[in-house]
Amino acid sequence: MKAKINALLIKAIDLLYKDNDFSIEIVKTKSEMHGDWSSNIAMIVAKKKKENPKELAQKIIKLIPSEDWLEKVEIAGPGFLNFFLTKQGNLNYLKNLLKDKKSYFPFEESNKKNILIEYVSSNPTGPLHIGHGRGAAFGSALSNLLRKCGNKVTEEYYVNDQGLQTKILAESVHKKYLEKFDLDTSEIDDTNFYKGEYIDELALKIKTQKKDLYLKIENESNFINYIVEEMMKDIKATLENFQVKFDSFYLESFLYDASKTKKTKVNEVLEDLKSEYSFNEAGALWFRSTKFGDDKDRVLIRSDNQETYFLSDIAYHKDKFLRGYDELINIWGSDHHGYLPRVKASLKALKLSPESLKTIFIQFVSLIRKGKKTSMSTRSGEFITLNQLINEVGVNAARFFYLAKKSDQALEFDMDLAISQDKNNPVYYIQYAYARICSLEKELKKREMTFDLDEGINNLEKLKNKSELEIISFLEAYKSIIEQCYKNYEVHPICFYLRDLASKFHSYYNSETIISDDQISRNAKFALLIGIKRTIKSGMELLDIETPEKM
RNA sequence: CUCCUGGUAGCUCAGCUGGAUAGAGCAUCUGCCUUCUAAGCAGAGGGUCGCAGGUUCGAAUCCUGCCCAGGAGGCCA
């Protein structure tokens, strides 16, 4: 409908000015006094052409032909054009939705892309905590949306499976492991060690499974790999538990692997940057990132010969480009925002287009328990793991709480509120609406009545009361919400929409008896319910939240 | 010190690519279960949109300054 109105307006303006370069808005109205759809076109164009908005609006109206779906167009306020649709016009969307045998989805990208989306990528030095959970929920939901809109999407987790931090992790575990055998570890300097409970648990697991095999470590890198694998097992299990499914886990060590090719991918990057963009200073190798807009130059290889994570990150990003994607998406914690300029600088140096890389930052999650804020730190071991959260509030509620807030805004996760499963949880409210519709269908069968969808579709005109008309119109708004989310790489508006839709349904349910004796009107009402049901299902599937048929 | 986010109802947040009377949920108060699921509904109260200027027909939205909160600025990740 929006597209139809848009076409009429563009044509009218084109006739008047031979110009259609305007960014106009066509929105669903909030009040029925303003009709069904509203446009600010007259005010936008009037400004550019220095005319009076109301007079211009008058001219535009004269150029709008009569259409069977259009009742009338009015001018209101400072120059809004308000479109009042005929009954037919308003029913178009719902009819299409109901006629589609498959699951209806209101938007499809015309220029389909092959997208790589990287998220979570938590270091395997500890279990996932509630901060990672937010990135996981958002990344998976956004992937669903991008895919549902017609794109090919690959979800990837980048694993920093080597380097200094994994070494420290292995040492931390090993110390605990030694202590399990009552060995004296007081000589070991553990100031930088990881301290969480999981270290102790892992040490115990190793003792149980491998006995005294690692009392003396013969091959350090093998031991590190072993520990990292154990951590990743745990992380993967948590992700699966949380409805997050990755297509690939990309190992950092692969970038240093020379077994298949002569040169490692990291070495290739070092050559790419050689002499022109890198230099030696104080025993270290630097990347001249200032040449590409970064604040300062960055170290690639430290004076102790240790490669920085930045170096392998460059190689990783280069590899992403070489794998042939149209678009790369990174979902990073907001503490990495200072990191982006140097990555973009490296892309420019490698003559790869930084515009193809879209980075979305996820703000911190802090935890509130019994009114007290808890700080999160992997190293000190003070955190709530994602597993704990799932166990306490459930996957569905956890996902919804994460997704219902704009991702670039800090989130205060109130455990006590999320734990309370009784009433405060908006998830149940939406699920309940869905279950109620399912329940009505069951009740219908129980009373040995039938539902004929085609008859319902053909009699939608019979739906006349206020809440029915409002819902019919609101169902169409789903399309705009999806388009907006798709365009802006966000998902929280879906949460708000579903809540509103559920609310309108509950209200309707309470004001009307759905199962009536009049077959025609009953079918029409059930057709409307099916529209609601499919829309809720569609939205919840994007969020990966369950829609039980019974509660 | 520099940069990035944010400041909207008692609380948690939408709205921010300028538009019509600033919206939800929770909490509070008043009603509604012999009737399709009360995990629900109907109604009420609650606001100097951090402060001050500016841009214009119009500003919560854009610009500038200030105040407050959080974050980033390493040969840490």
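In region A:257-277, is there at least one residue being open to solvent by less than 70 Å² (accessible area, probe 1.4 Å), more than 20 Å from A:His129 (Cβ to Cβ), in contact with a strand residue (DSSP E or B) (Cβ under 7 Å, 6 or more places away or on another chain) and small (Gly, Ala, Ser)? No - not one qualifying residue is present in region A:257-277. Kindly indicate whether any position in region A:296-318 is in a strand (DSSP E or B), under 33 Å from the mean Cα position of the chain (by Cα) and over 21 Å from A:Thr166 (Cα atoms). Looking through region A:296-318, at least one residue is in a strand (DSSP E or B), under 33 Å from the mean Cα position of the chain (by Cα) and over 21 Å from A:Thr166 (Cα atoms). Within region A:35-45, the residues that satisfy the criterion of being aliphatic (A, V, I, L, M) and more than 8 Å from RNA strand B (Cβ to nearest atom) are A:Ile41, A:Ala42, A:Val45.
Here region A:457-471 is the region considered, the condition is being within 15 Å of RNA strand B (Cβ to nearest atom) and outside any helix (DSSP H, G or I), and the residue that is farthest from A:Asp100 (Cα to Cα) is A:Asn465. For region A:345-360, give me each residue that is away from RNA strand B (no atom under 14 Å from the Cβ) and either assigned to a helix (DSSP H, G or I) or not aliphatic (A, V, I, L, M) (or both). The answer is A:Ala345, A:Ser346, A:Leu347, A:Lys348, A:Ala349, A:Lys351, A:Ser353, A:Pro354, A:Glu355, A:Ser356, A:Lys358. All of A:Lys48, A:Lys30, A:Lys72, A:Lys54 fail the test of being assigned to a strand (DSSP E or B), open to solvent by 70 Å² or more (accessible area, probe 1.4 Å) and within 15 Å of RNA strand B (Cβ to nearest atom), apart from A:Lys72. A single member of A:Gln484, A:Gln431 is in a helix (DSSP H, G or I), open to solvent by less than 50 Å² (accessible area, probe 1.4 Å) and assigned by TED's automatic domain parsing to the domain that holds A:Ser511, and it is A:Gln431.
Inclusion of A:Ser172 among residues that are hydroxyl-bearing (Ser, Thr, Tyr), surrounded by 17 or more Cβ atoms within 10 Å (Cβ to Cβ), touching a helix residue (DSSP H, G or I) at 6+ places or on another chain (Cβ under 6 Å) and in a helix (DSSP H, G or I) is warranted. Between A:Pro106, A:Pro65, the distinction of being within 28 Å of A:Gly539 (Cα to Cα), away from RNA strand B (no atom under 15 Å from the Cβ), open to solvent by less than 80 Å² (accessible area, probe 1.4 Å) and out of contact with any His (no Cβ under 8 Å at 6 or more places or on another chain) belongs to A:Pro106 only. A:Asn510 falls short of the stated requirement of being surrounded by 15 or more Cβ atoms within 10 Å (Cβ to Cβ) and assigned to a helix (DSSP H, G or I).
The values are calculated or read from the model by the stated rules, or taken from the named source; none is laboratory data. The model shown is predicted, which means the values in this text are computed figures rather than measured ones. Don't worry about glycine lacking a Cβ; one is built from the backbone with ideal geometry, like all the others, and counts go over all protein chains shown. These area figures cover heavy atoms from the full protein model, side chains too; ligands, DNA and RNA do not enter into them. Shrake-Rupley method; radii C 1.70, N 1.55, O 1.52, S 1.80 Å.
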